[in-house]
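Report on one structure; see the data block that follows.
What follows draws every value from the coordinates through simple rules; no lab data is involved. For clarity, every value in this text was computed on a predicted model and none was experimentally measured. We place every Cβ from the backbone using ideal geometry, glycine too, and count neighbours over all the protein chains shown.
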Amino acid sequence: MLIAIDGPAASGKGTLGKRIAGHLGLAHLDTGLLYRAVGAACLAIGKLDDEAASVAAAHALDVSTLDPETLRTGEIGEAASVVAARPEVRAALIDLQRRFAARPEGAVLDGRDIGTVICPDATVKLFVTATPEVRAERRYKELSARDPFASYEAVLADIHKRDARDSNRAAAPLLKADDAVLLDTSALGIEESFAAALAIVERARG
Ligand code: DC
């Protein structure tokens, strides 16, 4: 059972992917972390604008060292979106993702191009979305628990900017696959979203 989950920034696809994988006993790969690690490596050496440096970082990526805690910052998300627009960076990360997806029991992968490019033959494809305002509100709540200076307006502006870059790039843009099921979680809580996603997966499983 191969499950592909795509959607824009802060749509909740990562949380859903993790929960669905846990429920079905499948391995889960948050592919955003790969691009985040490449973005973070470029930031660390001050070379975010250097395409060759980002391609080298993608080739050198060691998945065993990915640390979601340090990679899930706004700055690294922005850097990830920049390097992810480069075709050679994307090409360097394809094999790794496809190997993960080729486990005999199946897997759950989430990202932007899983249903369209990485796993076009997935058993089930979900496209998880919510309005920019709802996504910004969720992200702002998470952030403000840690940062008293967090601003909703800044988070919303960041979401708009990332949506535009991820959707308008030439290389594997964020796109709903024709055979993906759309799940709009704007009016749903976490439990309702999970139940709705699981129902879609169970239906596909027959
Ligand atoms: O899902 P996320 O916010 O962690 O992803 C960070 C960035 O990485 C996102 O803005 C675009 C890029 N990305 C991508 O281009 N393709 C993927 N499969 C996953 C993420």
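Once you order the gyration tensor axes a ≥ b ≥ c over the Cα atoms, which shape class does the chain get: rounded for a/c under 1.5, otherwise prolate or oblate by comparing a/b with b/c? Before the final figure, lay out the partial values.
On the way: a/c = 1.67, a/b = 1.14, b/c = 1.47.
Since a/c reaches 1.5 but b/c is at least a/b, the shape of the chain is classed as oblate.
Give me the percent relative contact order of the chain, please, defined on Cα pairs under 8 angstrom at least 6 residues apart.
Working: 318 pairs, mean separation 68.8, N = 206.
Reported as a whole number, the value is 33 percent.
How high is the FRET efficiency between GLU202 and LYS18 when r is their beta carbon distance and R₀ equals 25 Å, given to the nearest 0.05? Don't skip to the answer; put the middle values down first.
Values: r = 18 Å, r/R0 = 0.71.
Efficiency, from the Cβ-Cβ distance: 0.90.
Scan the chain and note any complete DSSP helix (H) whose C-alpha atoms cover at least 20 Å along its axis and whose Kyte-Doolittle average is -0.5 or more. Can you show the working numbers first?
Numbers: long enough: 87-101 (21 Å, -0.07); 132-146 (21 Å, -1.63); 152-168 (24 Å, -1.05); 190-205 (22 Å, 0.53).
Span-like helices here: 87-101, 190-205.
Determine the gain in length on full extension of the stretch SER167-GLU192; use 0.36 nm per residue of separation and subtract their C-alpha separation, reporting nm with one decimal. List each step's numbers first, then the result.
Details: separation 25, 0.36 × 25 = 9.00 nm, distance 2.68 nm.
Contour length minus the Cα-Cα distance gives 6.3 nm.
Between ASP178 and ARG146, what length in nm is gained on full extension when 0.36 nm per residue of separation is reduced by their alpha carbon distance? Each step should come with its number before you reach the end.
On the way: separation 32, 0.36 × 32 = 11.52 nm, distance 3.88 nm.
Full-extension gain reported as 7.6 nm.
Going toward the positive end of the dipole of region 63-195, with +1 on Lys and Arg Cβ and -1 on Asp and Glu Cβ, which of ALA91, ALA102, PRO173 do you reach last?
ALA91
Looking at ALA4, ALA44, TYR152, which one has the Cα that reaches farthest to the positive end of the dipole of the chain (charges on Cβ: Lys, Arg +1; Asp, Glu -1)?
Going by the Cα projections, it comes out as ALA4.
What does the charge dipole of region 7-107 about its Cα centre add up to, to the nearest 20 debye, if the Cβ of each Lys and Arg holds +1 and the Cβ of each Asp and Glu holds -1? Mind dumping the intermediate values first?
Values: 11 positive and 12 negative charges, 91 e Å.
It comes to approximately 440 debye.
How large is the helix-only mean residue ellipticity at 222 nm for the chain, computed as the sum of -39500 (n - 2.57) over DSSP H runs with n ≥ 4, divided by its residue count, in deg cm²/dmol to the nearest 500?
Values: 9 runs with 112 residues, N = 206.
Here the helix-only value at 222 nm equals -17000 deg cm²/dmol.
Show the residues, 5+ positions off or on another chain, whose built amide H is closer than 5 Å to the amide H of THR131.
Answer set, sorted by chain and number: SER186.
From the phi angles alone, apply the Karplus equation (6.51, -1.76, 1.60; θ = phi - 60°) to region 109-124 and give each ³J(HN,Hα) in whole Hz, x where the residue is Gly or Pro.
My calculation for region 109-124 gives 10, 10, x, 10, 10, 5, x, 8, 10, 6, 10, x, 9, 4, 5, 9 Hz in order.
What is the extension gain from ARG98 to GLU133, computed as 0.36 nm multiplied by their sequence separation minus the C-alpha to C-alpha distance, in nm to one decimal? Mind dumping the intermediate values first?
Details: separation 35, 0.36 × 35 = 12.60 nm, distance 3.32 nm.
Fully extending the segment from ARG98 to GLU133 adds 9.3 nm.
With charges set only on the Cβ (+1 for Lys and Arg, -1 for Asp and Glu), what does the dipole of the chain come to about its Cα centre, in debye to the nearest 20? Before the final figure, lay out each step's value.
Details: 25 positive and 30 negative charges, 53 e Å.
Computed about the Cα centre, the dipole is about 260 debye.
Which aspartates and glutamates have a Cα lying under 18 Å from the Cα of LYS176, excluding residues fewer than 8 positions away in the same chain?
ASP6, ASP30, ASP110, ASP113, ASP121, ASP163, ASP166, ASP184
FRET efficiency for ALA91 and ASP67, Cβ-Cβ distance as r, R0 = 22 Å, nearest 0.05?
On the way: r = 24 Å, r/R0 = 1.11.
According to the calculation, E is roughly 0.35.
Go ahead and set up a Gaussian network model of the chain, Cα springs under 10 Å, then flag whichever of GLY189, GLY74, GLY14 fluctuates most.
GLY189
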